[in-house]
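Worksheet: the structure to be examined is printed underneath.
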Amino acid sequence: EVVSNISRNTLGGEEAQRQQNLSAIAAPNNNNNASEVKILKGSWNPKQKDSYSPNQVVTKSGTTITWINEDNLPHTVTSDKTGLFDSSIVSANQKWKYRFDTVGEYEYHCTLHPWMEGKVKVTSVMEN
């Protein structure tokens, strides 16, 4: 479940979605402590503003994030810090999971499309 601290009703259309993507908080569900990030359709295009939804996630340690590739082309989810995490190729309609156990900020990108960037912030307690 993804919870936003910005109401969709306060902004219109694409701007509301963009703001929601920027400020979303990943809230682990009670069953499996997981959250999802979508790799958006058309992310291969450098002119597209958003590639990941949400593109910035705040979550507590121990959460597993699942990336779902909704684009028609393959992508990766690769840590900017070498060797920390790398999904390898995530084909269209495929998923990749990674569990974040250590508090910190984790920036990532797609190695095939380096303009695609996202961030996961892991805290010891859930921030509001």
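The lysines whose alpha-carbon is closer than 18 Å to the alpha-carbon of K119, local same-chain residues fewer than 8 away aside, are K38, K49, K60, K81, K95, K97. Here the gap between E117 and L73, fully extended at 0.36 nm per residue and compared with their Cα-Cα distance, gives a gain of 14.2 nm. Only protein heavy atoms count here; under a 1.4 Å probe, T64 has an accessible surface of about 30 Å². Of the GluC sites (Glu not before Pro) found in the stretch 67-107, those that fall in a DSSP loop while having at most 15 other beta-carbon atoms within 10 Å are E70. For T111, the shell of other residues with beta-carbons less than 13 Å away shows a net charge of -3, using +1 for Lys and Arg and -1 for Asp and Glu.
The values are calculated or read from the model by the stated rules, or taken from the named source; none is laboratory data. Fair warning: this is a prediction, and the values are worked out from it, not measured in the lab. When we count neighbours, we look across all protein chains shown, and the Cβ atoms used for this are built from the backbone with ideal geometry, even at glycine. In case anyone asks, the SASA skips ligands and DNA or RNA and just uses the protein heavy atoms, side chains included. Shrake-Rupley method; radii C 1.70, N 1.55, O 1.52, S 1.80 Å.
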